[in-house]
Structure formats: C-alpha cells, structure tokens
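The values are calculated or read from the model by the stated rules, or taken from the named source; none is laboratory data. For clarity, every value in this text was computed on a predicted model and none was experimentally measured. Here the Cβ positions follow ideal geometry from the backbone for every residue, glycine too, while neighbour counts run over all protein chains shown.
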Amino acid sequence: MTKQASNTKPRKTTVTLCVVFVLLAFSFLAVFFIYPNLRKKYVENREYDIYGGMTEDLKDSELFSDMQSGRSFCFLGDSITAGYTTEGIPWYQPLVPYINGGITNLSTSGWMVKNLINHKKEIPKAEIYVVAIGINDILYPESEYASLGPDDFADRFSRLADTIKEISPDAKIYFISPWTFIDTGEDYVERGNSYRKALSEWCEKTDFRYIDPDPVIKSVLSEGDPYKYMYNNFHPNAPAGIGLYSYAVLKASSQQTKSGL
C-alpha cells in the first residue's frame, strides 16, 4: 500500500464520522426542538370554534362585553386552563379571537385553590381575572391541599380574591364554578354540588361575578355520547370539548345578564 493510499483511508473515516455526527445532531434537533416547536405553533394558531358558533345571544353577556373592552385578561386555574390533555390549549381558546386586550395565564395541572394562593407572587397583573379552579378540591379531598368542606372552600376563594386584589386593586374578577365531571360516584356529585353552592352563596355577598357553566355542559352531554366532548371523566377534549366549555361559560353569563344577576 502506497503512502498516499494510507493517508486517504483515515480521511475517509473522518469524513464518514463527521457525516454521521451531523446526521445525529440534525435528528436530535428535529426530534427535540424543530418538531415540537412546529407542532406548538400549529396547535396555538389552529382555529377552535365555539360550540354552535358565536351568536348574538352569546354576545349579549357581561363577559363578552368585557372581552370586547380592550382590558387585559388573566386566566387562572388548573389542568383544564393549562390545557393538560389538549396539547396546551386552554378551555378559553375559542374565546381568544374576541378578546381585544392582552391575555396572560397562570395554571398548572393538579392545582387546587390553596396552590393558587401559595403561588400569589406568580399571578400577573390584569384588569379582568377569570378564575376556574376547585375541581381537584372536589375530586381529591384527601390531598393535603384540598379544602376541608364547603365552608372552607368558600373561605379559600375569599382569600384568593384578597390576594388578587392586592396585585390588581381595581380588577374585576369572574369565578367559574368547578367544572363538570362524569362517570363518578354519588359522593363526588354531592360534594361537587355542595362546593358549588358554597361558592355561589359567597359570591352573592360580594361584587365578584359567579358563572356556573355546569348545567349548560350537562345539558349538551346528556344529548348523546358524552365522550364526544370529554377526554376522560373531567377533562374536555379538543376541539369539541373546549368548544363546549367556552360556549357554556358565555351562555351562563348571557343567562345571568338577561335575568339581571
């Protein structure tokens, strides 16, 4: 073997190793960065329709008027607001095109009312807050963070409201009743009803807005297969489920507006 041939072989090996390294690096970037970011961009920019479409009836609500006002919104909540089972898409995504102000979100899967209070330093300033939390207090009463009963549930919302007012003194606050859940035991149903009632009665004594989308959601779910809209027994799916949830919130607000509540 000549000296030139001997030198060529190491060069070919080096080139091959470089090509393999480049391919591995590109594969790593594609799997862990490029695809996830493209997927995230697609999901965030996809259109999510409100159940039945936006109607004049839904627009005739206090919440919709606030959405159109240009004031900033902050959504607080748990996995349903965080979009845990819907690729990061929150329940209010179908409402976003109608919100003319800035939007922020603080929500984490598994959070209860106490968790939100504990993370008060992370709550952004805003002019309008929409708080949808409490379902985990109902479903997991043995948790160390769970409310101890209906009265304690309402008391924790009172403390949460005080916390929000410390951050944004002039803010308007909407409290969404704990979300619907299906295929659960009677004890869950009874606890859910008592917690919703406690929150409603507390809100009636304050200037905070209470919206209960539960009856609207249950009405639609009763018309057929509930899993057309539900991912599991308490998470909505996408796009149908979040379309229903956003509709139910506006519908409940519209009903309240018409009744003068």
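Quick one: would you say residue 223 is of a type in the set (D, E, K, R), surrounded by fewer than 15 Cβ atoms within 10 Å (Cβ to Cβ) and either closer than 14 Å to residue 133 by Cβ or at pLDDT 95 or above (or both)? Can you show your working first?
Values: of a type in the set (D, E, K, R): yes; surrounded by fewer than 15 Cβ atoms within 10 Å (Cβ to Cβ): yes; either closer than 14 Å to residue 133 by Cβ or at pLDDT 95 or above (or both): no.
Criteria not met by residue 223.
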| query | Which one of these does residue 139 not meet: (1) surrounded by fewer than 16 Cβ atoms within 10 Å (Cβ to Cβ); (2) more than 20 Å from residue 163 (Cα to Cα)? | reply | (1)
| message | Going residue by residue through region 171-178, is there one that turns out to be out of contact with any Cys (no Cβ under 9 Å at 6 or more places or on another chain) and farther than 21 Å from residue 115 by Cβ? | response | yes
| said: Suppose the filter is among the hydrophobic types (A, V, I, L, M, F, W, C), in contact with a helix residue (DSSP H, G or I) (Cβ under 9 Å, 6 or more places away or on another chain) and touching a residue at least 60 places away in the same chain (Cβ under 8 Å); does residue 176 pass it? | reply: yes
| Near pairs, Cβ below 6 angstrom, 6+ apart or cross-chain, from region 237-261 (outside any helix (DSSP H, G or I)) to any residue that is among the aliphatic types (A, V, I, L, M) | 238/89
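Just the residues that are part of a loop (DSSP other than H, G, I, E, B) and free of Cβ contacts under 8 Å to residues at least 40 places away in the same chain, please, taken from region 180-195.
Residues of region 180-195 part of a loop (DSSP other than H, G, I, E, B): 180-185.
Once the filter is applied, which keeps residues that are part of a loop (DSSP other than H, G, I, E, B) and free of Cβ contacts under 8 Å to residues at least 40 places away in the same chain, region 180-195 yields only 185.
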| field | Filter result (of a type in the set (Ser, Thr, Tyr) and part of a helix (DSSP H, G or I)) within region 218-236 | value | 219, 227
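Going by the structure shown, is residue 100 polar (S, T, N, Q), more than 21 Å from residue 240 (Cα to Cα), assigned to a loop (DSSP other than H, G, I, E, B) and in the same structural domain as residue 230 (by TED's automatic domain parsing)? Give the steps one after another, and end with the answer.
Values: polar (S, T, N, Q): yes; more than 21 Å from residue 240 (Cα to Cα): yes; assigned to a loop (DSSP other than H, G, I, E, B): yes; in the same structural domain as residue 230 (by TED's automatic domain parsing): yes.
Yes; evaluated as a whole, the condition is true for this residue.
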| message | Can you say whether residue 242 is within 18 Å of residue 86 (Cα to Cα), among the hydrophobic types (A, V, I, L, M, F, W, C), in contact with a strand residue (DSSP E or B) (Cβ under 6 Å, 6 or more places away or on another chain) and assigned by TED's automatic domain parsing to the domain that holds residue 172, as far as the supplied structure shows? | response | yes
